[in-house]
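A.B. asks: First the structure, which I've put down as structure tokens, then a few questions once you've had a look.
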Amino acid sequence: MREVAAEGRFDGWEQLVGLRVVGVGAASREARDLSMKEWETLGVGLGMPVLRARVDDPEVPYGGFMEAINPASGEHGEMLRKLFRKLDERGWARIMLGLTEEDVQRVVRAALVIVGGETGVVLALDDAHHADARTLGLLEYLADSAARVLLVLGHDPLNGSPRLAALLAKTRNPDATERLARIFELPPDRAGYRLTRREATVLEGVAQGLTDDTIADRLAISPRTVHRRLRHVSRKLGTETEDREVVVELAKSAGLLPGED
């Protein structure tokens, strides 16, 4: 994983002003996880608590949030855990406490502000395309508020809802992203990845979306050899996966392929 190198002492959150939501879009869960881990590393580098979760069950109200709050320490973290455990009981918050959805949103925001303190907090939620209406409402509320909460939302861009797309679109801020890039150095570490010329050629073909047969024809080798060379590349990148999208993303992170502009 890339290392975060901060330049001097600064208020990290002030450098992220305008960047409320980060969309991490990829069809592969493993590919999304790679990018989300980088954002997690950035948050940790800024001294922010990082709460991570995944929306496993779209039928559960606020799915994923109870899991995300688990790493939070102190009495406010415990309060949030109890709250979200009860929220999955239909009608409990409204009937027992008289809470509206807006009340719940304000409670969660207040607790996250306390958990984050002066540094702010990163809330990373994967499989956000499965988020239920209440979760999306809470995310919209957090994104629109002035709280120091950075939402990192992993999602499958082919399966997301229009509501999620609207949330990602209205909070995108290219200027803030550029400022972030200037603050942090994320240098590729090429030293540990020594590919042979043939392996590098196969990797480039895979990154271009070519099939094994096409790459084999270009290199005058068998498709089986192409597959074997790609397995070698995967192992050198520290993975056994055969998911080509993941391999390409890892290679970009390692500086073996050019990143997207």
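All of the numbers you see were taken from the coordinates with simple rules; none came from a lab. Computed from a predicted structure; not experimentally measured. Note that each Cβ is placed from the backbone with ideal geometry, even for glycine, and that neighbours are counted across all protein chains shown.
A.B. asks: Take the Cβ-Cβ distance between Gln208 and Thr100 as r, set R0 to 51 Å, and report the resulting FRET efficiency rounded to the nearest 0.05.
C.D. replies: Computed FRET efficiency for Gln208 and Thr100 comes out at 0.45.
A.B. asks: With label points built 7 Å along Cα→Cβ from the Cα atoms of Lys252 and Val44, find their separation and express it in nm.
C.D. replies: 2.2
A.B. asks: Could I ask something else about it? Calculate the spin-label point distance for Glu30 paired with Lys82, positioning each point 7 Å from the Cα along the beta-carbon direction, and give it in nanometres.
C.D. replies: A separation of 4.2 nm, rounded to one decimal place.
A.B. asks: Can you figure out the FRET efficiency of Lys37 with Leu158, using R₀ = 30 Å and their beta-carbon distance, to the nearest 0.05?
C.D. replies: The formula returns an efficiency of 0.85 here.
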